Amino acid sequence: TDTELFKYIARKIQDNKIVGWFQGRMEFGPRALGNRSILANPGNPDMKDLLNSRVKDRESFRPYAPAVLEERAGDFFKAKQFSSFMLLAAQVREDKKSLIPAVTHIDGSARVQVVNKETNPRFWLLIKEFENIAGIPLVINTSFNLRGEPVVCTPDDAINSFKMSQMDCLALGNFIIERP
């Protein structure tokens, strides 16, 4: 069920697992917005390096972005406005930097995506469940693709990317694929 899925995946993220998240219709634009995403724990200071070594193969200076519950964004970030399209940077609040080191850039900023309950209820519910477990209302959100590849479009693309990477888990709708 949806409830079981959100709880299970939130626990995986809390346990520092890297999760492929393939849900519903594909987004259009330059960013992963919660339907074709790779998700991870923002509280683990080593998560950026883990994502780079196991999945994304990015340059070490490239940061990862947080997807945060819209109503909690101001608790973690300072900005005059936020974007649901991950287009604007905001300063991480001083008292929150130690809680979310994996999404805090060297200059103390983050490229924040706010997640609205009405426009993306599944992603919002997953992040809410992560907050219930970890006390942090956000997750790392990066595009579901491997270096040099386009963002996954179909379930076959998602499975192939999962097989070619070292992601721990793939949530394909309400189905879960895991490594043994």
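The values are calculated or read from the model by the stated rules, or taken from the named source; none is laboratory data. From a predicted model like this one, the values you see are computed outputs, not experimental measurements. Cβ atoms come from the backbone with ideal geometry, glycine included; neighbour counts cover every protein chain shown. Surface areas here come from the heavy atoms of the whole protein model, side chains and all, with no ligands, DNA or RNA. Shrake-Rupley method; radii C 1.70, N 1.55, O 1.52, S 1.80 Å.
What single numbered condition from (1) closer than 20 Å to Glu178 by Cα; (2) open to solvent by 10 Å² or more (accessible area, probe 1.4 Å); (3) in contact (Cβ under 8 Å) with a residue 24 or more places away in the chain; (4) more than 13 Å from the chain's Cα centre (by Cα) fails to hold for Asn16?
Result: Asn16 passes all but (4).
Could you say whether any residue in region 145-157 is within 22 Å of Pro30 (Cα to Cα), open to solvent by less than 20 Å² (accessible area, probe 1.4 Å), modelled with pLDDT of 95 or more and hydroxyl-bearing (Ser, Thr, Tyr)?
no
Can you tell me which of Ala32, Ala67, Ala40, Ala10 is out of contact with any strand residue (DSSP E or B) (no Cβ under 7 Å at 6 or more places or on another chain) and surrounded by 23 or more Cβ atoms within 10 Å (Cβ to Cβ)? Steps first, answer last, please.
Details: Ala32 fails: out of contact with any strand residue (DSSP E or B) (no Cβ under 7 Å at 6 or more places or on another chain); Ala67 fails: out of contact with any strand residue (DSSP E or B) (no Cβ under 7 Å at 6 or more places or on another chain); Ala40 fails: out of contact with any strand residue (DSSP E or B) (no Cβ under 7 Å at 6 or more places or on another chain).
Ala10 is the lone residue from the list that is out of contact with any strand residue (DSSP E or B) (no Cβ under 7 Å at 6 or more places or on another chain) and surrounded by 23 or more Cβ atoms within 10 Å (Cβ to Cβ).
Looking only at region 129-163, count every residue that is more than 17 Å from Asp57 (Cβ to Cβ), in a loop (DSSP other than H, G, I, E, B) and either more than 16 Å from the chain's Cα centre (by Cα) or not small (Gly, Ala, Ser) (or both) and tell me the total. Walk me through how you get there before you give the answer.
Going residue by residue through region 129-163, those that are more than 17 Å from Asp57 (Cβ to Cβ) are 129-139, 141, 153-159.
Filter again for in a loop (DSSP other than H, G, I, E, B), leaving 135-137, 153-154.
Remaining after also requiring either more than 16 Å from the chain's Cα centre (by Cα) or not small (Gly, Ala, Ser) (or both): 136-137, 153-154.
Adding up the residues that qualify gives 4.
Kindly indicate whether Thr142 is closer than 21 Å to Phe28 by Cβ and not aliphatic (A, V, I, L, M). Before you say what the answer is, go through the steps one by one.
Details: closer than 21 Å to Phe28 by Cβ: yes; not aliphatic (A, V, I, L, M): yes.
For Thr142, the condition - closer than 21 Å to Phe28 by Cβ and not aliphatic (A, V, I, L, M) - is met.
Collect the residues in region 72-87 that are within 25 Å of Phe28 (Cα to Cα) and surrounded by fewer than 14 Cβ atoms within 10 Å (Cβ to Cβ), keeping them in residue-number order.
Answer for region 72-87, where residues must be within 25 Å of Phe28 (Cα to Cα) and surrounded by fewer than 14 Cβ atoms within 10 Å (Cβ to Cβ): Gln81, Phe85, Leu87.
Return the residues of region 105-144 that are of a type in the set (Asp, Glu), over 22 Å from Met167 (Cβ atoms) and open to solvent by less than 60 Å² (accessible area, probe 1.4 Å); say none if nothing qualifies. Explain how you work it out, then say what you get.
So in region 105-144, the residues of a type in the set (Asp, Glu) come out as 107, 118, 129, 131.
This time we only want the ones that are over 22 Å from Met167 (Cβ atoms), so: 107, 118, 131.
Answer for region 105-144, where residues must be of a type in the set (Asp, Glu), over 22 Å from Met167 (Cβ atoms) and open to solvent by less than 60 Å² (accessible area, probe 1.4 Å): just Glu131.
Taking only region 106-116 into account, find how many residues are within 16 Å of the chain's Cα centre (by Cα) and over 14 Å from Gln23 (Cβ atoms). Show your work before the answer.
Residues of region 106-116 within 16 Å of the chain's Cα centre (by Cα): 110-116.
Applying the additional criterion that residues be over 14 Å from Gln23 (Cβ atoms) yields 110-114, 116.
Here the count works out to 6.
Select from region 19-29 the residues that are out of contact with any Lys or Arg (no Cβ under 8 Å at 6 or more places or on another chain) and within 14 Å of Ala158 (Cα to Cα) and write down the one among them that is most open to solvent (accessible area, probe 1.4 Å).
Here the answer is Arg25.
Do you know which residues across region 118-128 are assigned to a helix (DSSP H, G or I) and either free of Cβ contacts under 8 Å to residues at least 24 places away in the same chain or on the phi > 0 side of the Ramachandran plot (or both)? Let's see the steps before the verdict.
Here is the first cut: in region 118-128, the ones assigned to a helix (DSSP H, G or I) are 121-128.
Once the filter is applied, which keeps residues that are assigned to a helix (DSSP H, G or I) and either free of Cβ contacts under 8 Å to residues at least 24 places away in the same chain or on the phi > 0 side of the Ramachandran plot (or both), region 118-128 yields only Pro121.
Out of all the residues in region 146-166, which are farther than 24 Å from Leu69 by Cβ and in contact (Cβ under 8 Å) with a residue 24 or more places away in the chain?
In the first step, residues of region 146-166 are kept if they are farther than 24 Å from Leu69 by Cβ; the result is 146-150, 152-166.
Residues satisfying the conditions are Leu146, Arg147, Val152, Cys153, Pro155, Ala158, Ser161, Phe162, Ser165, Gln166.
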